[in-house]
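A short worksheet on the structure shown next.
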Amino acid sequence: MVRIKLLIFFLLVSFGLFAQEYSYTFRFFQDSPMRGDYFFSKTISSGDSFIDNKQGKLPVSSTVFHTPGNSIELNYMNTKSGSWSATIYRQEIRGMDNFKAASHLSFWIFNPSDLTTVKDLPTIQLMRKDSSLTKKQYISELPVAKWHQIMLSLKSFSNSSENPSDTYIAVVFSQQNTINKQHILYIDDVECVSWSPVVKPAIITENLKGKGYSKHIDLSWDAITDSSINLVKIYRSSDGVEFRAIGIQQPYIERFTDFTGESGKTYFYKTTCLSQHYEEGPFSSIVKSVTIEMNGDELLTMVQEASFRYYWEAAEPVSGLALENIHGRHNMIATGASGFGIMALIAGTERQFITRDQAVERFIKIVTFLENAESFHGVYPHFLDGTSGKTVPFFGQRDNGADLVETSFLLQGLLAAKQYFSGENEKEALIREKITAIWEKVEWDWFRKTPESKFLYWHWSPDKEWIINHNLIGWNETMATYLLAIASPTHSIPASMYYSGWANQDSTGYNYRANWGQTSDGATYTNGKSYYGIPLAVGVSNGGPLFFTHYSYMGYDPNLITDEYTNYFVNNQHIAMINHKYCVENPLKHKGYGSDGWGLTASDGPFDYSADEPVSWQDHGKLAPTGAISSFPYTPKESLDALKNYYNNYGSFLWGEYGFKDAFSLSQNWCSTIYMGLNQAPMTVMIENYRSGLIWKLFMQNEDILNGLIKLETETNSRKK
């Protein structure tokens with residue numbers, strides 16, 4: 001007991017201190033995840049001048065690059081009778097909003113042949129957020145057949161000292177000379193940096209390891225703590241003698257995935273570290289690894305393990321909880337994603353990705369953090385600073401307090417963990433004790449807003465109170481909120497609120513559903529129509545995005561939830577089947593849709609996060625692997641087909657360190673560069689629920705949860721009389 005108390009003391013001290021948020025380099029381009037053309041680019045030409053493009057976007061080269069795996073190709077013709085320009089936009093990434101100070105625009109350029117004059121080279125401008133352009137700058141010299149760094153002072157572009165992260169959205173290359181001549185240049189690693197002496201790094205990646213899977217190798221190494229390291233560069237060889245550079249990794253990620261595309265192959269790897277100016281350090285030791293044939297069951301384990309890593313090795317280190325997304329803020333944890341991640345940690349422990357002792361230590365860290373973190377009437381905010389436990393109003397100052405829905409997702413995980421850690425020892429008893437305290441302090445009834453309210457409300461602000469004023473009405477992802485509120489042993493709501501609030505059928509509920517669904521189908525909560533020959537008892541439009549069938553049912557077993565209108569396993573299964581049928585029919589003819597390309601749900605997008613669903617107005621042509629794969633309990637064959645397709649055919653850009661990237665669009669030649677906390681865990685958890693029912697069994701063993709469902713059943717029976 002003394003050791004446990006000391007551990008808790010050090011945890012409290014550690015997260016009582018604010019840590020500096022990670023500072024990113026402000027980059028316009030480093031790599032395109034997709035071959036062919038770069039999505040975040042635009043070309044314009046007039047007259048006889050031209051700039052090579054693919055549907056108005058710049059081509060990328062996978063054979064000529066400064067850092068692997070590609071560069072941007074500028075293949076252009078200058079003429080007197082026209083002009084051309086090529087714009088490279090900076091990709092906005094969720095949570096990547098803290099940047100290093102910068103004084104220069106830096107990019108690397110490769111000239112494969114001798115240009116007659118530097119006037120043949122393009123001019124360079126920066127584009128501001130209002131689309132205006134700065135003064136033109138010029139390249140004064142360029143070696144032949146050698147990568148050369150261009151450094152241009154940011155002050156030279158503008159008379160004022162403008163912060164690049166606050167001001168600029170793109171770099172623009174354009175025609176300078178008017179002499180008729182065609183040229184080819186390659187551009188790579190376009191970024192804003194501070195001028196500093198070039199220092200060759202002495203750091204070596206230690207303890208390099210490799211593990212082979214079906215068509216990829218996972219490399220890992222010890223954490224790099226030296227802030228002077230810019231990137232880790234990875235080399236591969238098929239014979240252990242001749243190596244070529246195949247990829248780069250950010251220094252805060254301790255692994256790299258090499259998707260080779262073949263099984264039964266032997267590979268050798270070594271790594272090196274790059275400085276801020278791309279000076280290369282010494283090589284690591286060489287490691288050998290082999291890809292192996294894997295059956296369907298082994299592929300499921302592979303996907304579970306990769307997504308599990310997001311919550312195990314990439315968690316915020318002080319709290320042990322889940323980040324909102326990677327790459328993004330390093331200190332900001334997401335409450336709901338953490339709840340999902342807790343369930344993924346349990347599944348990973350049972351799959352022996354980690355030991356039970358390791359899991360116990362992590363959960364002591366988690367529950368100790370949560371019992372001391374900021375909450376409002378027992379309800380946690382959407383985002384917390386993992387180093388301090390304070391609220392982070394990431395979505396704006398109105399959302400600076402309690403989030404009842406995200407807390408519901410968190411509690412699904414915690415209550416499953418309470419059942420899982422059932423050992424008769426001090427540590428597991430402590431975990432159960434702290435989870436009980438967290439669960440019982442939530443004032444669900446207070447979030448009615450008024451004693452007579454028919455609804456629960458989503459948000460509350462300590463200084464603006466109910467300003468968001470979002471009452472919770474289904475059908476959506478929030479059923480678990482009502483079920484947990486009914487089940488609470490300390491601050492419960494009447495079971496009748498399930499029908500007056502969640503399944504509300506008066507004008508309030510009707511207008512809410514008709515507004516977001518843009519249809520009257522399902523606006524009264526019940527639907528009753530068939531889509532593609534599949535009946536839908538409950539659901540707006542033809543069911544909505546697939547995360548509606550995942551988020552509330554990772555702990556809650558939908559097989560055991562039946563109300564006046566339907567059984568929710570059957571209803572969720574029908575929604576998944578409708579989603580699949582829509583993608584097979586593919587009315588908008590999006591590339592990649594089909595029997596093994598489906599799963600419309602909420603995910604990252606080319607320009608913003610969106611909740612896609614199987615209706616034309618909300619189908620943006622992007623597929624999110626979590627949509628199909630997290631539907632395994634409902635559609636095992638169709639989900640496995642999608643998993644195999646996404647891995648085998650698109651793994652070169654879609655599979656990475658933490659499993660599948662968030663989303664992709666073949667029609668737009670775009671793939672997300674992030675993993676999202678809300679989307680990785682459902683794949684691990686719902687695959688496990690399909691395979692063993694583990695999380696469902698644990699959660700449904702909780703006495704309070706069972707009592708809540710009994711209350712709902714009693715209410716349902718009374719309504720039938």
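The values are calculated or read from the model by the stated rules, or taken from the named source; none is laboratory data. Because the structure is predicted, anything quoted here is derived from the model rather than measured. Using ideal geometry, Cβ is built from the backbone for each residue, glycine included, and neighbour counts are taken over all protein chains shown. These accessible areas exclude ligands, DNA and RNA; they are computed on the full protein's heavy atoms, side chains included. Shrake-Rupley method; radii C 1.70, N 1.55, O 1.52, S 1.80 Å.
Count of segment 376-404 residues, restricted to those that are aliphatic (A, V, I, L, M), touching a helix residue (DSSP H, G or I) at 6+ places or on another chain (Cβ under 9 Å) and farther than 21 Å from L345 by Cα, is 3. In the condition set (1) aliphatic (A, V, I, L, M); (2) closer than 16 Å to G339 by Cβ; (3) open to solvent by 30 Å² or more (accessible area, probe 1.4 Å), I438 is compliant with all but (3). The numbered conditions (1) under 30 Å from the mean Cα position of the chain (by Cα); (2) farther than 28 Å from F607 by Cα are all true for M96 except (2). Of the residues making up segment 314-323, those that are out of contact with any strand residue (DSSP E or B) (no Cβ under 8 Å at 6 or more places or on another chain) and either open to solvent by 10 Å² or more (accessible area, probe 1.4 Å) or in contact (Cβ under 8 Å) with a residue 60 or more places away in the chain (or both) number 2. Contact map, segment 28-42: first residue farther than 20 Å from G656 by Cα, second residue of a type in the set (D, E, K, R) and open to solvent by 10 Å² or more (accessible area, probe 1.4 Å), Cβ cut-off under 6 Å, separation 6 or more or different chains; pairs are F28/R90; D37/K54; D37/K57; S41/K57. Test of understanding: among I326, I286, I292, which residue is hydrophobic (A, V, I, L, M, F, W, C), within 30 Å of D188 (Cα to Cα) and surrounded by fewer than 20 Cβ atoms within 10 Å (Cβ to Cβ)? Answer to the check: I286. If we scan segment 597-615, do we find a residue that is within 30 Å of I710 (Cα to Cα) and not β-branched (V, I, T)? No: zero hits.
Of all residues in segment 477-507, those being open to solvent by 10 Å² or more (accessible area, probe 1.4 Å), among the polar types (S, T, N, Q) and part of a loop (DSSP other than H, G, I, E, B) number 4. For segment 462-509, what are the residues that are of a type outside the set (A, V, I, L, M, F, W, C), within 33 Å of the chain's Cα centre (by Cα) and farther than 25 Å from Y553 by Cβ? Across segment 462-509, the qualifying residues are P462, D463, K464, E465, N469.
Entry remark, segment 508-518: residues being surrounded by fewer than 23 Cβ atoms within 10 Å (Cβ to Cβ) and closer than 22 Å to T601 by Cα number 6 in total. The set of residues in segment 345-396 that are closer than 29 Å to R691 by Cβ and among the hydroxyl-bearing types (S, T, Y) comprises T349, T355.
Within segment 166-185, residues that are over 18 Å from R90 (Cβ atoms) have Cβ atoms under 9 Å from residues that are of a type in the set (D, E) and open to solvent by less than 60 Å² (accessible area, probe 1.4 Å) in these pairs: Q176/D120; N177/D120; I179/D120; K181/D120; H183/D120; I184/D52; I184/E73; L185/E73, counting only partners at least 6 apart in sequence or on another chain.
Of all residues in segment 403-421, none satisfies the criterion of being closer than 15 Å to H382 by Cβ, outside any helix (DSSP H, G or I) and out of contact with any His (no Cβ under 7 Å at 6 or more places or on another chain). Cβ separations smaller than 6 Å between residues 6+ apart or across chains give the following pairs from segment 276-299 residues that are under 20 Å from G261 (Cβ atoms) and part of a loop (DSSP other than H, G, I, E, B) to residues that are open to solvent by less than 20 Å² (accessible area, probe 1.4 Å) and not polar (S, T, N, Q): T291/G212; I292/G212. Considered as a group, the residues in segment 240-261 that are open to solvent by 40 Å² or more (accessible area, probe 1.4 Å), without any contact (Cβ under 8 Å) to a residue 60 or more places away in the chain and more than 16 Å from K211 (Cβ to Cβ) include one that is nearest to the chain's Cα centre (by Cα), and that residue is R244.
Here N649 fulfils each of the conditions (1) assigned to a helix (DSSP H, G or I); (2) touching a residue at least 24 places away in the same chain (Cβ under 8 Å); (3) more than 22 Å from I333 (Cβ to Cβ) apart from (2). Taking (1) assigned to a helix (DSSP H, G or I); (2) of a type outside the set (A, V, I, L, M, F, W, C); (3) without any contact (Cβ under 8 Å) to a residue 60 or more places away in the chain in turn, S338 satisfies each apart from (3). Going by what's in this entry, would P381 be described as in contact with a Gly (Cβ under 7 Å, 6 or more places away or on another chain) and outside any helix (DSSP H, G or I)? It is true that P381 is in contact with a Gly (Cβ under 7 Å, 6 or more places away or on another chain) and outside any helix (DSSP H, G or I).
One line per residue, one yes/no per condition, for (1) over 30 Å from K721 (Cβ atoms); (2) open to solvent by less than 10 Å² (accessible area, probe 1.4 Å); (3) part of a helix (DSSP H, G or I):
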{"residue": "G522", "(1), (2), (3)": "no, yes, no"}
{"residue": "N527", "(1), (2), (3)": "no, no, no"}
{"residue": "P535", "(1), (2), (3)": "no, no, no"}
{"residue": "G543", "(1), (2), (3)": "yes, yes, no"}
{"residue": "S552", "(1), (2), (3)": "no, yes, yes"}
{"residue": "Y556", "(1), (2), (3)": "no, yes, no"}
{"residue": "N559", "(1), (2), (3)": "no, no, yes"}
{"residue": "Y565", "(1), (2), (3)": "no, no, no"}
{"residue": "V570", "(1), (2), (3)": "no, no, yes"}
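Against the definition (open to solvent by 30 Å² or more (accessible area, probe 1.4 Å) and more than 20 Å from E443 (Cα to Cα)), how does D357 come out, yes or no? So D357 passes the test. The listed residues are V118, V60, V64, and the only one of them that is in contact (Cβ under 8 Å) with a residue 12 or more places away in the chain and in contact with a Gly (Cβ under 8 Å, 6 or more places away or on another chain) turns out to be V60. Put simply, of S131, S161, S196 the only residue that is surrounded by fewer than 18 Cβ atoms within 10 Å (Cβ to Cβ), in a loop (DSSP other than H, G, I, E, B) and in contact with a helix residue (DSSP H, G or I) (Cβ under 8 Å, 6 or more places away or on another chain) is S161. May I ask you to verify whether Q20 is modelled with pLDDT of 95 or more, within 26 Å of the chain's Cα centre (by Cα), under 18 Å from H327 (Cα atoms) and open to solvent by 20 Å² or more (accessible area, probe 1.4 Å)? No: the conditions fail for Q20. The residue that is farthest from E713 (Cα to Cα), counting only those in segment 560-614 that are hydroxyl-bearing (S, T, Y) and under 21 Å from the mean Cα position of the chain (by Cα), is Y609. Of all the numbered requirements in (1) open to solvent by 60 Å² or more (accessible area, probe 1.4 Å); (2) closer than 19 Å to Y168 by Cβ, N53 misses one, and that requirement is (2).
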